[in-house]
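The structure under discussion appears below in the form of structure tokens.
The values are calculated or read from the model by the stated rules, or taken from the named source; none is laboratory data. Predicted, not measured: the structure shown is a model, and the values here were computed from it. No Cβ is skipped: glycine too gets one built from the backbone with ideal geometry, and neighbour counts run over all protein chains shown. Surface accessibility is based on the protein's heavy atoms, side chains included, excluding ligands, DNA and RNA. Shrake-Rupley method; radii C 1.70, N 1.55, O 1.52, S 1.80 Å.
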Amino acid sequence: MSSNAFPKDYQSGLNLYDTQVAIKRVKDFFQTLLAERLNLLRVSAPLMVDPKSGLNDNLNGVERPVSFDIRHQDGREAEIVHSLAKWKRYALKKYGFSAGEGLYTDMSAIRRDEEPDNIHSIYVDQWDWEKIITREQRSLDTLEDVVRTVYKVLRKTEKYMSIHYDYIEEILPHDIFFVTTGELEEMFPDNTPKEREYYIAKAKGAVCIMQIGGALGNGKPHDGRAPDYDDWALNADIIVYYPVLDIALELSSMGIRVDKEALLRQLEAAGCMERAQLPFHQAVIHEEVPFTIGGGIGQSRICMFFLRKAHIGEVQCSLWPEDIMAAAEERGIKLL
């Protein structure tokens, strides 16, 4: 399905009021179960960071953060976060967490360069979570175990919502299928990465795509990934097939975080070794922050999927181009 398109004969199963009730129901159930299964404590998180700290997520390296100066701090610059991937490692140490313990938080961000469509918005809301592991746990087995745990929480949330709402049927398969980006390239050599994701997601129902960021056989990465938080050999996206829009829908991105060796290797590959001098990167190099695994789970994406909505604007408040607003109004689709 093309961007900004609405499915033929689509109608929301809930009015605006009941949608708000259902959004709260999804969020309350999912985050409570996720915290229980991963041993996470909810903490407060920043909306902004100092750009000189190196803490902001650089995403694909081209997105512009929203920045502003602070009048009563001598014009000091601040940036609205893109995500909290790096900040969480600092927080785990600062708050005194131990191995096997973790945190999660409600992360709100503005990504001004995001192209809006049915599943993308300039406003980003997600559960950012992070958990301390040992050096020995920096392995594929650890990553796959955590992916299975998160996926089980997704399945239980779907079952919970199907009990409360008759129009919601369970569509997630019992097990999630694991595949690397290299294996996907071999399966679909003549297709783009997004096409590969669609074909494998439609075939399997739910897939974990691993090893994102490094160059594949064709010399290009499957997708962009900042070089200074996930280890490109130990990261993953959870993607499900979403029949409402006939698309592959990413619900979660996660990974074991870089250690010194992975950080320096990836900074060099990305051509940005100058970042190694930033405070966060120096903390990783000198092992002043713990070894961790963590990720982000889209709150609006989760709500959209479990409530079977056709547009992310049906479950979150954002700003939309006039053509999207007009198309939604013409179809009688209510954007928040």
When the stretch 50-64 is checked residue by residue, the ones that are at pLDDT 85 or above and surrounded by 12 or more Cβ atoms within 10 Å (Cβ to Cβ) are 50
Do we find that residue 143 is farther than 28 Å from residue 25 by Cα, outside any strand (DSSP E or B) and hydrophobic (A, V, I, L, M, F, W, C) in this structure? yes
Quick check on my filter: what residues within the stretch 123-155 are of a type in the set (A, V, I, L, M, F, W, C) and open to solvent by less than 50 Å² (accessible area, probe 1.4 Å)? 124, 127, 129, 132, 133, 143, 146, 147, 150, 153, 154
Please tell me if residue 203 is of a type in the set (A, V, I, L, M, F, W, C) and either in a loop (DSSP other than H, G, I, E, B) or open to solvent by 50 Å² or more (accessible area, probe 1.4 Å) (or both). yes
Filtering the stretch 199-258 down to residues that are within 20 Å of residue 140 (Cβ to Cβ) and among the hydroxyl-bearing types (Ser, Thr, Tyr), which residue is farthest from the chain's Cα centre (by Cα)? 229
What number of residues within the stretch 212-240 satisfy the criterion of being surrounded by fewer than 18 Cβ atoms within 10 Å (Cβ to Cβ) and assigned to a strand (DSSP E or B)? 1
All but one of (1) within 28 Å of residue 157 (Cβ to Cβ); (2) loosely packed, with under 13 Cβ neighbours inside 10 Å hold for residue 30; which doesn't? (2)
Any residue in the stretch 121-140 that is at pLDDT 95 or above, assigned to a helix (DSSP H, G or I) and either acidic (Asp, Glu) or within 17 Å of residue 238 (Cβ to Cβ) (or both)? yes
Top-ranked residue in the stretch 310-329 [being in a loop (DSSP other than H, G, I, E, B) and surrounded by fewer than 24 Cβ atoms within 10 Å (Cβ to Cβ); ranked as farthest from the chain's Cα centre (by Cα)]: 321
Condition set in contact (Cβ under 8 Å) with a residue 60 or more places away in the chain and among the aromatic types (Phe, Trp, Tyr), scope the stretch 71-106, selection surrounded by the fewest Cβ atoms within 10 Å (Cβ to Cβ): answer is 90
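A quick yes/no check of all residues on (1) over 17 Å from residue 313 (Cβ atoms); (2) open to solvent by 60 Å² or more (accessible area, probe 1.4 Å); (3) of a type in the set (A, V, I, L, M):
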residue	(1), (2), (3)
5	no, no, yes
10	no, no, no
16	no, yes, yes
19	no, no, no
23	no, no, yes
34	yes, no, yes
39	yes, yes, no
46	yes, no, no
